[in-house]
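What follows is a single structure, written as structure tokens, with notes after it.
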Amino acid sequence: MRNLIALTTLLFFASPSFGQILDPVKWEFASKQVSDNEFDLIFTAKIDNGWNIYTQFLEGDDGPVPTAFYFDEKEKHYSKVGKVDESPENKETKHDKIFDMEVAKFHKKATFTQRVKVTDGKPITGFLEFMTCDDSRCLPPAEVDFSFDIKITAGIDQSTDAISSEEKTEAAETTNAPPSTAIEPADNGILEPVKWSLEVQQETDGAYTLALKANIDKGWYIYSQFIEEEDGPEPTSVEFDEDPNVEVLGKTEEVSDHKVSGFDKVFQMNVTKYKGDVTFLQKIKVEDADKPVNGLVYFMTCDDSRCLPPTEVPFKVTLASLTTLVGDDAISDGNGIVVDNSGGTQIIKGQEANCGEVQEEKDKSLWGTFLLGVIGGLLALLTPCVWPMIPLTVSFFTKGAGNKSKGMFNAFMYGFYILLVYLLLSAPFHLLDSLNPDILNEISTNIWLNIFFFVIFIFFAFSFFGYYELTLPSSWLNKSSSAEGIGGAIGVFFMALTLALVSFSCTGPILGSLLAGTLSSSSGGNPATLLTAGMAGFGFALALPFGLFAAFPSWLNSMPKSGGWMTTVKVVLGFLELALALKFLSNADLVKHWGLLKIEPFLVLWIIIFVALGLYLFGKIRFPHDSPMKKIPIPRAILGIASFAFAIYLMTGFRYDDKAGSLKPLTLLSGLAPPVCYSMFYPCDCPQNLSCFKDFEEGMTYAKKVNKPVMIDFTGHACVNCRKMEETVWPEPSVYKLLDEDFVLISLYVDEKIELPEEEKVTVKLKSGKTRKLRYTGHRWQILQTENFNINTQPYYVLLSPDGTVLNHAVAYTPDVDEYANFLECGLNRFKELKAENQLLGDNQ
């Protein structure tokens, strides 16, 4: 719930920032030994001026997100002693302007301490969550991973338990306690004092010698392979991936003119280390020199007062050409070959057939979202909060101005500012997307966010039914209204802002629908850009009549008068909000596999809603603002008949499809209703009863066995356009035959929330230089898609050979059946061509 509040706070309070990513809080981690088997884990937040983070202890769910610490509880080598303690330094409790409540928060610096009792020196890991705000805006809650390397030293004085933090530091130094290996921030950012290079030489006996050279900055050292003491530094090691093609000959040799042996101040022991440079030589022999050799060098570096965490640097060697790659270049080698973080198969580009690319899809999505926004704006115009304002406002401009041209200019500016206000509401979401390209995707599939949207849509629906009114704080309206008297362009802007605030009780639910719809859409473009397009359409439609009626004042005489029909519009919208609310509950249910809202109960609830809407339109159901009807207007009767007809259409969704082994999908509900395979009576594991794999490596292994091409289906449980493709395109004979007979289907759900095994919860380095902690299965598929194909929207379809070669250009949402069938045919033909050229695995079959 707090994350949802933070998101809402960001929407209203974050100022646009397109050229700068804000990072006002830096975390440092250190450990202090306080007894023979007890340590204090110290978390220090250094906070930029003007910013704050919040205490762990906040009451209620309506305020900011508290700082919280989560330890990997499955680890058995330590236990926590008490709770996380927070220092009172720089802590104050006062009224928070953003959340309008009393909260305790820290400024400049915050220190948190957790005491632990350990049984051995294994690392202690976990992550912390915090939220930071200044006086006018908040950044979204962030997670920071931590890892404490514990070095146990005997003989620590027990009395250190009760001394101050400064005395603890002195005690640790006097008792030779080892330093924390956390990175100490440098003035210029991330420390990287060791640079690696790699050369390879062929020997006369047919073997090869790899020379890994470390160039070390002045004042820094790396350590020998031969460190005897377990509580000392991490020794350097050269490791190779398990590969039957590679035979390692002998031990790794160390060559350097800058060898230093003796007492080390940091670890208080005798060690062998190197400064300046050192080369590690390793001989290997291979059966096939054309196959790449992969490995890594593992090392630790320290200066005289601090150490950086142990680091792995990958390398890749192609011995036939004596070419080498080190570091990030070994992950992406510039020729389109990218090592997949999800397994051993590499995605190989550069041999694609020139077909299958759909270039205009993003533009289509933008225009589609813009038109949806226009429709929403036109509906808002018909509500009691906006419609009566049109003639009053236009008359004010045309009659109150000194001349007609000035009045028209002000009216046009008024319309422009209405558009600008709604565009500005979408700006913070571009900041969210700049922080992490997957964050809006995460938002769209977040279980609690979807449940929040479900609840808020129910809340909006009953507001439209007339049980209560939605209003913004009166102080906002008063401040905006008082600014109207400034005059000129600024005064006109505040008049537009006042309209947006006054009409919120009617426009708020429609805007909420637009916000939820674009954030929950994972297809057809960047969600933040789609939201801006939708807001532009909404603002344009809302502003249009003010400009038109100012240009043609005589049209005002033909406007329908305000009346009860506007209440009818609101109630109809309320029923639609009620139906759409079930979509968001369904999203959460699909992601968590609760089984609460399968296709059958979903259809039953929608049937009830639209039957009730029909009864309302015919006057059989009334709400608080309705009065008895003597005669039903013709437009209302037509809508009532349409509601009953739609309810009958929904009933046809219970027909059984023998071919697919499930209920027949309803085209009009494709993407709104749960997939037909998510059924109480006719469940199926894959769409259209096709055979599919849900793990990349398992699917690729099977494809090699049967020697068939692969279609990777990057999809999502909450992906609307994915369901449309599966239920309207895949069943067509020209497509179904190819998927069923000629391809191995691998469906990868990027929003899958199945927790990974502990050994697979690793932090991976992305091509952007950032890192990402893998916690769920869906995280693996997100990275597989974004790192290899530079796109993070779904659906996205990629055709591969069994060895990972990309066969043609991938496509996204492609509702045209012939176009999609051509995409599959093109990839299949390319697979046959490459197979004939003996370039693929399995061509000897």
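Which ones in the stretch 603-658 are of a type in the set (S, T, N, Q) and in contact with a helix residue (DSSP H, G or I) (Cβ under 9 Å, 6 or more places away or on another chain)? Correct list: 627, 643. When 748, 800, 784, 807 are screened for being crowded, with 22+ Cβ neighbours inside 10 Å, within 18 Å of residue 700 (Cα to Cα) and without any contact (Cβ under 8 Å) to a residue 60 or more places away in the chain, only 748 passes.
Every residue in the stretch 674-690 that is hydrophobic (A, V, I, L, M, F, W, C) and either over 19 Å from residue 595 (Cα atoms) or open to solvent by 90 Å² or more (accessible area, probe 1.4 Å) (or both), please. Residues satisfying the conditions are 680, 681, 690.
What residue, among those in the stretch 245-274 that are among the charged types (D, E, K, R) and open to solvent by less than 30 Å² (accessible area, probe 1.4 Å), is farthest from the chain's Cα centre (by Cα)? For the stretch 245-274, the residue satisfying everything is 264.
Consider the stretch 703-745 and keep the residues that are assigned to a loop (DSSP other than H, G, I, E, B) and under 21 Å from the mean Cα position of the chain (by Cα). The one that is farthest from residue 802 (Cα to Cα) is 718.
Are any of the residues in the stretch 691-702 part of a helix (DSSP H, G or I), without any contact (Cβ under 8 Å) to a residue 60 or more places away in the chain and either under 30 Å from residue 569 (Cα atoms) or open to solvent by less than 10 Å² (accessible area, probe 1.4 Å) (or both)?
First, pick out the residues of the stretch 691-702 that are part of a helix (DSSP H, G or I): 696-702.
Cutting the leftovers down to without any contact (Cβ under 8 Å) to a residue 60 or more places away in the chain gives us 698-699, 701-702.
Next, only the ones that are either under 30 Å from residue 569 (Cα atoms) or open to solvent by less than 10 Å² (accessible area, probe 1.4 Å) (or both) stay: 699.
So far as the stretch 691-702 goes, yes, one or more of its residues are part of a helix (DSSP H, G or I), without any contact (Cβ under 8 Å) to a residue 60 or more places away in the chain and either under 30 Å from residue 569 (Cα atoms) or open to solvent by less than 10 Å² (accessible area, probe 1.4 Å) (or both).
With respect to the conditions (1) under 30 Å from residue 589 (Cβ atoms); (2) open to solvent by 60 Å² or more (accessible area, probe 1.4 Å), residue 629 lacks only one, and its number is (1).
Taking the stretch 632-655 as the region of interest, how many residues are open to solvent by 50 Å² or more (accessible area, probe 1.4 Å), in a helix (DSSP H, G or I) and of a type outside the set (A, V, I, L, M)?
Start the filter on the stretch 632-655 by keeping residues that are open to solvent by 50 Å² or more (accessible area, probe 1.4 Å), which leaves 632-635, 638-639, 641-642, 644-645, 648-649, 651, 654-655.
With in a helix (DSSP H, G or I) added as a condition, the list becomes 634-635, 638-639, 641-642, 644-645, 648-649, 651, 654.
Filter once more, keeping what is of a type outside the set (A, V, I, L, M): 635, 644, 649, 654.
Residues flagged as open to solvent by 50 Å² or more (accessible area, probe 1.4 Å), in a helix (DSSP H, G or I) and of a type outside the set (A, V, I, L, M) within the stretch 632-655 amount to 4.
Looking at 228, 242, just one residue is at pLDDT below 90, within 18 Å of residue 312 (Cα to Cα) and open to solvent by 40 Å² or more (accessible area, probe 1.4 Å), and that residue is 242. Out of the residues in the stretch 307-322 that are part of a loop (DSSP other than H, G, I, E, B) and touching a residue at least 40 places away in the same chain (Cβ under 8 Å), which is surrounded by the most Cβ atoms within 10 Å (Cβ to Cβ)? The residue in question is 319. Return a yes/no flag: does the stretch 790-810 have any residue that is at pLDDT 85 or above, under 30 Å from residue 72 (Cβ atoms) and within 16 Å of the chain's Cα centre (by Cα). Looking through the stretch 790-810, none of the residues is at pLDDT 85 or above, under 30 Å from residue 72 (Cβ atoms) and within 16 Å of the chain's Cα centre (by Cα). Scan the stretch 69-83 and give yes if some residue there is part of a loop (DSSP other than H, G, I, E, B), open to solvent by less than 20 Å² (accessible area, probe 1.4 Å), touching a Cys at 6+ places or on another chain (Cβ under 7 Å) and modelled with pLDDT under 90, otherwise no. Within the stretch 69-83, none of the residues are part of a loop (DSSP other than H, G, I, E, B), open to solvent by less than 20 Å² (accessible area, probe 1.4 Å), touching a Cys at 6+ places or on another chain (Cβ under 7 Å) and modelled with pLDDT under 90. Looking at the stretch 658-673, can you tell me whether even one residue there is of a type outside the set (Ser, Thr, Tyr), surrounded by fewer than 21 Cβ atoms within 10 Å (Cβ to Cβ), out of contact with any Pro (no Cβ under 7 Å at 6 or more places or on another chain) and free of Cβ contacts under 8 Å to residues at least 12 places away in the same chain? Within the stretch 658-673, one or more residues are of a type outside the set (Ser, Thr, Tyr), surrounded by fewer than 21 Cβ atoms within 10 Å (Cβ to Cβ), out of contact with any Pro (no Cβ under 7 Å at 6 or more places or on another chain) and free of Cβ contacts under 8 Å to residues at least 12 places away in the same chain.
Of the set (1) open to solvent by 20 Å² or more (accessible area, probe 1.4 Å); (2) farther than 28 Å from residue 54 by Cβ; (3) modelled with pLDDT of 50 or more, all apply to residue 150 but (1).
Being within 30 Å of residue 780 (Cα to Cα), part of a loop (DSSP other than H, G, I, E, B), out of contact with any Leu (no Cβ under 9 Å at 6 or more places or on another chain) and of a type outside the set (Ser, Thr, Tyr): is that true of residue 685 here?
Taking the combined requirement at face value, the residue satisfies it.
Annotation note: Cβ proximity below 6 Å between a residue of the stretch 211-223 that is in contact (Cβ under 8 Å) with a residue 12 or more places away in the chain and a residue that is in a strand (DSSP E or B) and open to solvent by 70 Å² or more (accessible area, probe 1.4 Å) (sequence gap 6+ or interchain) occurs for 211/199; 215/195.
Residues in the stretch 294-306 that are part of a strand (DSSP E or B) and among the small types (Gly, Ala, Ser): 295 alone.
The rows are residues; the columns are (1) in contact with a Pro (Cβ under 8 Å, 6 or more places away or on another chain); (2) among the β-branched types (Val, Ile, Thr); (3) outside any strand (DSSP E or B); (4) open to solvent by 30 Å² or more (accessible area, probe 1.4 Å).
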site: 88; (1), (2), (3), (4): no, no, yes, yes
site: 92; (1), (2), (3), (4): no, no, no, yes
site: 99; (1), (2), (3), (4): yes, no, yes, no
site: 102; (1), (2), (3), (4): no, no, no, yes
site: 110; (1), (2), (3), (4): no, no, no, no
site: 114; (1), (2), (3), (4): no, no, no, no
site: 127; (1), (2), (3), (4): no, no, no, yes
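So, residue 598, is that one open to solvent by less than 30 Å² (accessible area, probe 1.4 Å) and of a type in the set (Lys, Arg) or not? It is false that residue 598 is open to solvent by less than 30 Å² (accessible area, probe 1.4 Å) and of a type in the set (Lys, Arg). Against the list (1) within 33 Å of the chain's Cα centre (by Cα); (2) at pLDDT below 90, the condition residue 195 fails is (2).
The values are calculated or read from the model by the stated rules, or taken from the named source; none is laboratory data. Just so you know, these numbers come straight off a predicted model, no measurement behind them. As a convention, Cβ positions derive from the backbone with ideal geometry for all residues, glycine included, and neighbour counts pool all protein chains shown. Accessible surface is based on the protein model in full, side chains and every heavy atom, while ligands, DNA and RNA are left aside. Shrake-Rupley method; radii C 1.70, N 1.55, O 1.52, S 1.80 Å.
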